[in-house]
Amino acid sequence: MQLLTPEPWSDYDLIDTGGFEKLERFGPHVLRRPEPQAIWDKSLPEPEWERRSDAVFKRDKGSQEKGEWLLRPRMAERWFLPFRRQELDLTFKLSLSAFKHVGIFPEQAVNWPFIQAKVKALPIEKPQVLNLFAYTGAASLAARQAGAEVTHVDSVRQVISWSRENMEASGLDNIRWVVEDAMKYVRREARRGNRYHGLILDPPAYGRGPDGEKWLLEEHLNDLLRTCAELLHDQHFFLIINLYSLGFSALILDNLMRSHFGDRPHTEFGELYLQDSFAKRLPLGVFYRFSSV
């Protein structure tokens, strides 16, 4: 097993963690959000957290996810964040959502250069890449900028609109947008015999499809991976899956992937983390990835 964290990013800092919270800088703004895995003590005193925070997320009573942001006058409603790494030149729109998210997951920055490198290394002129549960599309942008033909699937129409804004802000075009339940989509693609050179999966612990379809990670992940194995190209391929669920270890994911995809070349699996400025490492999910190149 491996521990992966992104290279330093000048426009993002994890300043401090602890007390079930995290203090982060996204460009010019510092945000304070809940973090269920930060069970240790904070390194900075409370007055320093208060002084630095431009926006603080407060959960609604009785809710684990939904809430509201308390804003300082200097806080913008939306802003743009650049990401420059190797040949990647991307721009993301950030905004404060009612579910504490802002539009990107910084720990995923470890995967964007990987996607770019694999797309460019495949001996295919225009590799076909499928991004499932694609959210605001950072991975889709990385694949598209590297030259792939990208199909971006998410069940939330507003998130697709956000992804399109990111595409345009990054100077890209021609990503195929699909508003659909991921399970329905992959089953239909398998029936049609379609194949992809790249698969990117970032399924949530819980979700709903556009027609109310229920997604539970523990119940549906096995079936999803079984079907995805039918979609992956036999010779030229790469795959990334990320899971953020307290109940899933990297070993569970390893067992699932091996049962459906067998032994694949260049396999890596383990935990993703971010390190705060006091050297505390915050675990942020498990990953599994492999490629033919």
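The values are calculated or read from the model by the stated rules, or taken from the named source; none is laboratory data. Keep in mind the model is a prediction, meaning the values are calculated, not measured. Please note: Cβ atoms are built from the backbone with ideal geometry, for glycine as well, and neighbour counts cover all protein chains shown. Ligands, DNA and RNA are stripped out before the accessible areas are found, and what is left, the full protein with its side chains, is counted by its heavy atoms. Shrake-Rupley method; radii C 1.70, N 1.55, O 1.52, S 1.80 Å.
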Going by what's in this entry, would LEU221 be described as open to solvent by 20 Å² or more (accessible area, probe 1.4 Å), within 23 Å of LEU284 (Cα to Cα) and not β-branched (Val, Ile, Thr)? no
The strands (runs of 3 or more DSSP E) lying entirely within segment 190-293 that contain at least 2 residues which are under 30 Å from GLU24 (Cα atoms), in contact with a Leu (Cβ under 8 Å, 6 or more places away or on another chain) and of a type outside the set (Lys, Arg) are 198-201, 238-243, 268-275, 281-291
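Per-residue answers, yes or no, for (1) more than 30 Å from PHE99 (Cα to Cα); (2) open to solvent by 90 Å² or more (accessible area, probe 1.4 Å):
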site	(1), (2)
VAL186	no, no
ARG195	yes, yes
PRO204	no, no
ASP211	no, yes
PHE238	yes, no
TYR244	no, yes
LEU251	no, yes
SER259	yes, no
PRO265	yes, no
Being out of contact with any Gly (no Cβ under 6 Å at 6 or more places or on another chain), hydroxyl-bearing (Ser, Thr, Tyr), open to solvent by 10 Å² or more (accessible area, probe 1.4 Å) and in contact (Cβ under 8 Å) with a residue 12 or more places away in the chain narrows SER161, SER170, SER140 down to just SER170
The conditions are (1) within 22 Å of the chain's Cα centre (by Cα); (2) farther than 25 Å from ARG164 by Cβ; (3) not in a strand (DSSP E or B), and GLU107 fails exactly one of them. Which is it? (2)
Touching a residue at least 24 places away in the same chain (Cβ under 8 Å), under 19 Å from ALA279 (Cα atoms) and open to solvent by 20 Å² or more (accessible area, probe 1.4 Å), is that true of ASP89? no
Would you confirm, using the coordinates I've provided, whether LEU94 is surrounded by fewer than 23 Cβ atoms within 10 Å (Cβ to Cβ), in contact with a strand residue (DSSP E or B) (Cβ under 9 Å, 6 or more places away or on another chain), in a strand (DSSP E or B) and in contact (Cβ under 8 Å) with a residue 40 or more places away in the chain? yes
Can you go through PHE269, PHE278, PHE290 and tell me which one is within 26 Å of PRO106 (Cβ to Cβ), touching a Phe, Trp or Tyr at 6+ places or on another chain (Cβ under 6 Å) and among the aromatic types (Phe, Trp, Tyr)? PHE269
